[in-house]
Amino acid sequence: MSDQRTFSNFSEFYPYYLEEHSDVTCRRLHFAGSLLVLVVAFWAIASGKLVWLLLLPIIGYGFAWVGHFKFEKNRPATFKYPVYSLMGDWVMFRDMLIGRIRF
(Lines give C-alpha, C1' and ligand atoms only; values in the text may rest on other atoms or scores of the structure.)
Protein backbone atom coordinates (compact mmCIF):
# COMPACT_ATOMS: atom_id res chain seq x y z
CA MET A 1 0.00 0.00 0.00
CA SER A 2 1.40 3.38 -0.99
CA ASP A 3 1.43 6.30 1.42
CA GLN A 4 -0.39 9.22 -0.22
CA ARG A 5 0.06 11.75 2.59
CA THR A 6 1.11 15.28 1.84
CA PHE A 7 2.62 17.73 4.30
CA SER A 8 2.53 21.53 4.16
CA ASN A 9 5.50 21.97 6.45
CA PHE A 10 8.01 20.14 8.59
CA SER A 11 5.87 20.50 11.74
CA GLU A 12 3.18 18.41 10.05
CA PHE A 13 5.75 15.90 8.78
CA TYR A 14 7.69 15.23 11.99
CA PRO A 15 4.97 13.22 13.82
CA TYR A 16 4.70 11.00 10.71
CA TYR A 17 8.50 10.69 10.67
CA LEU A 18 8.48 9.52 14.29
CA GLU A 19 5.77 6.94 13.50
CA GLU A 20 8.10 5.55 10.84
CA HIS A 21 10.81 5.15 13.51
CA SER A 22 8.94 3.25 16.21
CA ASP A 23 11.48 0.41 16.42
CA VAL A 24 14.20 1.17 18.98
CA THR A 25 16.91 -0.62 16.96
CA CYS A 26 16.06 1.48 13.92
CA ARG A 27 16.35 4.65 16.03
CA ARG A 28 19.67 3.47 17.48
CA LEU A 29 21.04 2.84 14.00
CA HIS A 30 19.92 6.33 12.93
CA PHE A 31 21.63 7.78 15.99
CA ALA A 32 24.85 5.85 15.35
CA GLY A 33 24.91 6.86 11.69
CA SER A 34 24.29 10.52 12.48
CA LEU A 35 26.94 10.56 15.19
CA LEU A 36 29.44 8.89 12.87
CA VAL A 37 28.62 11.44 10.15
CA LEU A 38 29.50 14.24 12.58
CA VAL A 39 32.72 12.53 13.69
CA VAL A 40 33.88 11.82 10.13
CA ALA A 41 32.96 15.33 8.96
CA PHE A 42 34.85 16.93 11.83
CA TRP A 43 37.87 14.68 11.28
CA ALA A 44 37.90 15.25 7.51
CA ILE A 45 37.79 19.03 7.93
CA ALA A 46 40.28 19.10 10.82
CA SER A 47 42.76 16.86 9.01
CA GLY A 48 42.28 18.48 5.62
CA LYS A 49 41.38 15.09 4.12
CA LEU A 50 38.22 16.38 2.51
CA VAL A 51 37.80 13.34 0.27
CA TRP A 52 36.38 11.58 3.35
CA LEU A 53 33.37 13.90 3.12
CA LEU A 54 32.24 11.78 0.16
CA LEU A 55 31.48 8.98 2.62
CA LEU A 56 28.97 11.00 4.62
CA PRO A 57 25.85 10.02 2.62
CA ILE A 58 26.92 6.37 2.63
CA ILE A 59 27.45 6.39 6.38
CA GLY A 60 24.28 8.28 7.22
CA TYR A 61 21.93 6.54 4.84
CA GLY A 62 23.61 3.15 5.25
CA PHE A 63 22.90 2.92 8.96
CA ALA A 64 19.39 4.35 8.54
CA TRP A 65 18.40 2.07 5.69
CA VAL A 66 19.58 -1.05 7.51
CA GLY A 67 17.35 0.05 10.37
CA HIS A 68 14.35 0.46 8.09
CA PHE A 69 14.71 -2.61 5.91
CA LYS A 70 15.84 -5.07 8.60
CA PHE A 71 14.17 -3.86 11.80
CA GLU A 72 11.43 -1.33 11.06
CA LYS A 73 10.29 -3.28 7.98
CA ASN A 74 9.25 -0.15 6.11
CA ARG A 75 10.46 2.00 3.25
CA PRO A 76 12.60 4.97 4.37
CA ALA A 77 10.79 8.31 4.19
CA THR A 78 13.83 9.59 2.27
CA PHE A 79 12.45 8.12 -0.93
CA LYS A 80 9.25 10.15 -0.84
CA TYR A 81 10.15 13.15 1.35
CA PRO A 82 13.93 13.65 0.96
CA VAL A 83 14.27 17.16 2.43
CA TYR A 84 11.85 16.68 5.32
CA SER A 85 13.41 13.28 6.02
CA LEU A 86 16.91 14.73 6.26
CA MET A 87 15.60 17.43 8.57
CA GLY A 88 13.81 14.75 10.59
CA ASP A 89 17.04 12.77 10.99
CA TRP A 90 18.72 15.70 12.70
CA VAL A 91 15.73 16.74 14.79
CA MET A 92 15.31 13.14 15.98
CA PHE A 93 19.07 12.98 16.70
CA ARG A 94 18.76 16.11 18.84
CA ASP A 95 15.63 14.78 20.53
CA MET A 96 17.46 11.55 21.40
CA LEU A 97 20.46 13.49 22.72
CA ILE A 98 18.31 15.58 25.07
CA GLY A 99 16.22 12.60 26.19
CA ARG A 100 12.98 13.58 24.49
CA ILE A 101 13.02 10.30 22.52
CA ARG A 102 14.10 6.95 23.98
CA PHE A 103 16.85 5.04 22.21
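The alpha carbon centroids of region 10-34 and region 57-103 are separated by 5 Å.
Under 13 Å of direct C-alpha separation, and excluding same-chain neighbours fewer than eight residues apart, Lys49 reaches no aspartates and glutamates at all.
Each Lys and Arg Cβ is given +1 and each Asp and Glu Cβ -1; about its Cα centre, region 1-70 then shows a dipole of about 320 debye. Taking the protein heavy atoms of region 8-103 in the context of the full set of protein chains, the accessible area attributed to carbon and sulfur is 70 percent at 1.4 Å. Taking a straight line from the alpha carbon of Lys80, these aspartates and glutamates sit under 16 Å away, with near neighbours fewer than eight places off in the same chain left out: Asp3, Glu12, Glu19, Glu20, Asp89.
Percentage of Cα-Cα pair distances in the chain greater than 21 Å, rounded to whole percent? In whole percent, the share of Cα-Cα pairs in the chain beyond 21 Å is 35.
Note that region 1-82 presents 62 Å² accessible area per residue, ligands and nucleic acids not counted, probe 1.4 Å.
The values are calculated or read from the model by the stated rules, or taken from the named source; none is laboratory data. Just so you know, these numbers come straight off a predicted model, no measurement behind them. Please note: Cβ atoms are built from the backbone with ideal geometry, for glycine as well, and neighbour counts cover all protein chains shown. Areas reflect the complete protein model, heavy atoms only, side chains present, ligands, DNA and RNA absent. Shrake-Rupley method; radii C 1.70, N 1.55, O 1.52, S 1.80 Å.
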